[in-house]
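The structure under discussion appears below in the form of structure tokens.
The values are calculated or read from the model by the stated rules, or taken from the named source; none is laboratory data. All figures in this text were calculated on a predicted structure; none of them were measured in a lab. So basically every Cβ, Gly included, is an ideal-geometry build from the backbone, and we count neighbours across all protein chains shown.
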């Protein structure tokens with residue numbers, strides 16, 4: 001719940017102020033009045049800031065501070081929100097002043113001391129408020145140690161704060177449960193922040209998720225779309241949610257310029273998030289768009305990546321009105337030039353607008369965007385080895401085997417969301433959105449099959465066009481009730497998603513011969529295609545009820561939920577169906593030794609829509625039936641204050657699609673007759689190990705087996721495309737002797753994996769190292785951040801993973817990225 005939804009807070013320094021607006025117009029303008037911490041503590045105890053319980057706490061609280069070098073006013077605002085204390089200062093005193101970066105665990109007094117060290121200002125406590133003065137203006141103006149009684153959580157509609165180090169957040173969105181603190185979530189969840197996205201120079205979602213040990217990128221780098229696996233299960237680009245709603249994002253790459261968070265919830269998601277377009281098994285990727293903050297922002301970023309691709313992005317944020325209730329955030333970007341693939345060119349355009357209004361007891365948001373992505377003269381190669389019977393070494397990642405191909409992809413989308421506070425205990429919410437995605441060109445025509453050990457191969461190209469129209473909505477109520485000693489957080493939710501697909505029959509070229517090590521200059525291209533016609537109309541609706549129970553003074557939490565779902569395919573051709581299912585969820589969190597250790601477990605079922613069969617199968621265009629999945633997970637989370645860890649074990653079971661080829665048939669037929677079981681151990685780590693060093697990463701061991709294959713020979717064999725070992729580790733070091741300069745590195749390891757269900761074709765393990773640096777300074781009075789990175793420093797050529805029906809994908813060539821950001 002935001003401060004605007006509360007009664008006005010009167011600080012002792014402004015006893016005569018009667019409203020928030022009055023306080024902002026006073027000579028001593030508070031940078032902020034209260035933060036979510038204070039409101040949450042107040043709701044639980046009935047006490048407001050400055051009450052006796054705060055004043056008589058036994059020891060000063062340590063805050064996890066992660067503030068970049070920025071305008072001093074912005075740092076003070078962020079510190080006030082995090083500490084829950086009012087900080088009052090004449091705006092003229094901080095005008096034009098910049099604060100240094102402050103990271104680590106500090107009391108409020110210590111943090112202020114670092115922020116104000118070169119400002120000519122100091123602070124002291126005046127009747128419960130913190131007031132800033134010029135040095136020497138007030139005798140003895142020294143801040144007493146501020147004592148805060150507790151750390152509160154975030155309301156369901158509020159983002160959780162950043163964890164120490166600023167690379168990840170303290171929690172993330174758990175579907176209809178809203179934003180939940182990491183230590184209170186009975187599931188594995190990671191939320192990467194906008195600071196981390198910027199520091200990694202991650203232009204797309206894949207660039208962000210390279211730091212997660214349970215996520216792997218299955219499409220070749222530089223391809224026209226991004227697809228992933230989470231815990232060994234496929235998640236394609238259409239499965240990504242925008243602020244909890246599916247079907248609203250580009251079917252190609254999703255730019256990161258407009259994102260505040262990239263969140264991953266691991267495990268079947270239908271119970272908490274409703275059914276996604278295909279039904280994510282391993283987890284959900286949710287994107288949170290940026291909102292305008294209280295401090296105006298105008299940021300221009302220019303960038304370069306090898307070979308000769310240039311880009312520019314602008315980020316503008318303002319809050320307007322007497323009480324700054326309306327927020328406006330605009331993001332725009334454009335890039336064009338040659339890529340790391342020889343002679344390939346890409347051009348991208350993106351624009352987004354985010355509006356939000358903070359009413360009294362209600363709020364409303366609007367997000368709208370346009371994305372245009374064009375890829376010309378080539379595509380990364382995907383290689384099959386089924387004919388040869390063994391895997392050859394990877395060719396040069398920069399070699400272009402598909403010159404002349406192109407792909408055009410445009411997406412337009414919007415989403416609206418609103419919340420209304422019915423009373424102190426209950427809130428109603430609703431959201432809706434729609435998106436249109438259109439594509440044209442050689443979208444899937446990027447594969448060849450190797451014929452001999454010299455690399456000779458046979459290829460065909462596919463020219464096609466199509467569209468996806470998505471409409472998504474959800475509505476519900478969140479509230480709290482109490483039965484005896486048990487507090488309940490209840491959520492009643494209803495959701496609906498309609499996906500209409502259209503395509504034209506793919507035009508296939510004649511076969512041609514090339515070589516993966518020395519590609520021909522002019523592969524045979526498929527001819528013109530016909531117009532797209534509707535091919536599928538899938539609708540899923542659901543209603544769910546979830547009860548989160550708090551017991552034993554909040555040391556024990558139980559989550560119980562049920563969701564009734566209906567999945568329909570309305571097209572008679574290829575096959576219509578209408579099926580229903582009820583999926584349960586059970587979660588438990590227990591903190592036996594205090595808030596720093598959480599033991600958690602869950603059992604959750606998901607419902608997945610059947611996939612549409614691709615053009616390389618005999619039953620192309622068919623839609624497979626929906627199916628259920630099950631996950632059991634247990635783990636422990638440790639919050640050391642500035643350093644966090646999660647260790648979990650899990651098992652996920654799902655039916656799987658199997659390709660079988662009849663005698664004499666040219667193409668295989670895809671059917672849902674198999675079963676896959678993934679068991680694994682997963683460790684993630686994040687945070688700040690010292691004031692100068694930040695770490696992020698982890699490791700995972702996953703054993704994925706075929707438990708019901710088409711033949712008994714395959715039972716018990718490894719599932720293709722799932723490496724047993726994966727690991728990521730990133731480190732960021734702020735050099736203490738060069739203020740503003742930081743170095744970073746990241747290592748990514750992926751173990752060996754099979755390309756085929758018979759486990760006869762194996763691609764070797766690989767390890768890639770990236771390095772980077774950034775420098776934060778001021779030039780001509782403006783905040784400037786310079787960043788540089790080199791991906792795949794050793795320029796290794798390697799098979800990065802498996803895509804589709806047994807095709808090996810290539811890792812990216814060495815890539816240099818440079819950027820400069822200036823705040824005006």
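Counting only residues that are surrounded by 17 or more Cβ atoms within 10 Å (Cβ to Cβ) and in a strand (DSSP E or B), which one in the range 403-413 is farthest from the chain's Cα centre (by Cα)?
Ranking the qualifying residues of the range 403-413, first place goes to 406.
Looking at residue 313 and the list (1) surrounded by 17 or more Cβ atoms within 10 Å (Cβ to Cβ); (2) without any contact (Cβ under 8 Å) to a residue 60 or more places away in the chain; (3) at positive phi, which single condition is not satisfied?
Of the numbered conditions (1) surrounded by 17 or more Cβ atoms within 10 Å (Cβ to Cβ); (2) without any contact (Cβ under 8 Å) to a residue 60 or more places away in the chain; (3) at positive phi, the odd one out for residue 313 is (3).
Among the residues of the range 323-334, is there at least one that is in a strand (DSSP E or B), under 30 Å from residue 810 (Cβ atoms) and in contact (Cβ under 8 Å) with a residue 24 or more places away in the chain?
Within the range 323-334, one or more residues are in a strand (DSSP E or B), under 30 Å from residue 810 (Cβ atoms) and in contact (Cβ under 8 Å) with a residue 24 or more places away in the chain.
Taking the residues in the range 275-292 that are assigned to a loop (DSSP other than H, G, I, E, B) and within 18 Å of residue 652 (Cα to Cα) as candidates, determine which candidate is modelled with the highest pLDDT.
Per the stated criteria, the residue is 282.
Just to be sure, is residue 511 within 29 Å of the chain's Cα centre (by Cα) and assigned by TED's automatic domain parsing to the domain that holds residue 802?
Spelling it out, it is not the case that residue 511 is within 29 Å of the chain's Cα centre (by Cα) and assigned by TED's automatic domain parsing to the domain that holds residue 802.
Restricting attention to the range 406-420, does a residue exist that is closer than 30 Å to residue 513 by Cα and either touching a residue at least 40 places away in the same chain (Cβ under 8 Å) or not assigned by TED's automatic domain parsing to the domain that holds residue 512 (or both)? Steps first, please.
Start the filter on the range 406-420 by keeping residues that are closer than 30 Å to residue 513 by Cα, which leaves 406-409.
Keeping just the survivors that are either touching a residue at least 40 places away in the same chain (Cβ under 8 Å) or not assigned by TED's automatic domain parsing to the domain that holds residue 512 (or both) gives 407, 409.
Within the range 406-420 (the criterion being closer than 30 Å to residue 513 by Cα and either touching a residue at least 40 places away in the same chain (Cβ under 8 Å) or not assigned by TED's automatic domain parsing to the domain that holds residue 512 (or both)), the answer is yes, since at least one residue qualifies.
Select, from 457, 472, the only residue that is more than 30 Å from residue 555 (Cβ to Cβ), over 29 Å from the mean Cα position of the chain (by Cα) and part of a strand (DSSP E or B).
After applying the criteria, what remains is 457.
Condition check ((1) in a strand (DSSP E or B); (2) in contact with a strand residue (DSSP E or B) (Cβ under 7 Å, 6 or more places away or on another chain); (3) closer than 16 Å to residue 197 by Cα) across all residues:
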site: 795; (1), (2), (3): no, no, no
site: 802; (1), (2), (3): yes, yes, no
site: 808; (1), (2), (3): yes, yes, no
site: 812; (1), (2), (3): no, yes, no
site: 819; (1), (2), (3): yes, yes, yes
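Of all residues in the range 691-709, how many are over 20 Å from residue 193 (Cα atoms) and touching a residue at least 60 places away in the same chain (Cβ under 8 Å)? Let's see the steps before the verdict.
First, the residues of the range 691-709 that are over 20 Å from residue 193 (Cα atoms): 699-709.
The next check asks that each one be touching a residue at least 60 places away in the same chain (Cβ under 8 Å); those that pass are 699-700, 702, 704.
Of the residues in that region, 4 qualify.
Out of contact with any helix residue (DSSP H, G or I) (no Cβ under 8 Å at 6 or more places or on another chain), assigned to a strand (DSSP E or B), within 29 Å of residue 181 (Cβ to Cβ) and modelled with pLDDT of 90 or more - does that describe any residue in the range 528-546?
Looking for residues that are out of contact with any helix residue (DSSP H, G or I) (no Cβ under 8 Å at 6 or more places or on another chain), assigned to a strand (DSSP E or B), within 29 Å of residue 181 (Cβ to Cβ) and modelled with pLDDT of 90 or more, one finds at least one in the range 528-546, hence yes.
Quick check on the range 785-823: of everything there that is surrounded by fewer than 19 Cβ atoms within 10 Å (Cβ to Cβ) and more than 26 Å from the chain's Cα centre (by Cα), which residue is nearest to residue 389 (Cα to Cα)?
Out of the qualifying residues, it is 797.
Taking the range 746-761, which residues are part of a strand (DSSP E or B) and buried (at least 17 other Cβ atoms within 10 Å of the Cβ)?
Matches in the range 746-761: 746, 748, 749, 750, 753, 754.
Which one is farthest from the chain's Cα centre (by Cα) among residues in the range 326-346 that are closer than 30 Å to residue 359 by Cβ and surrounded by fewer than 17 Cβ atoms within 10 Å (Cβ to Cβ)?
326
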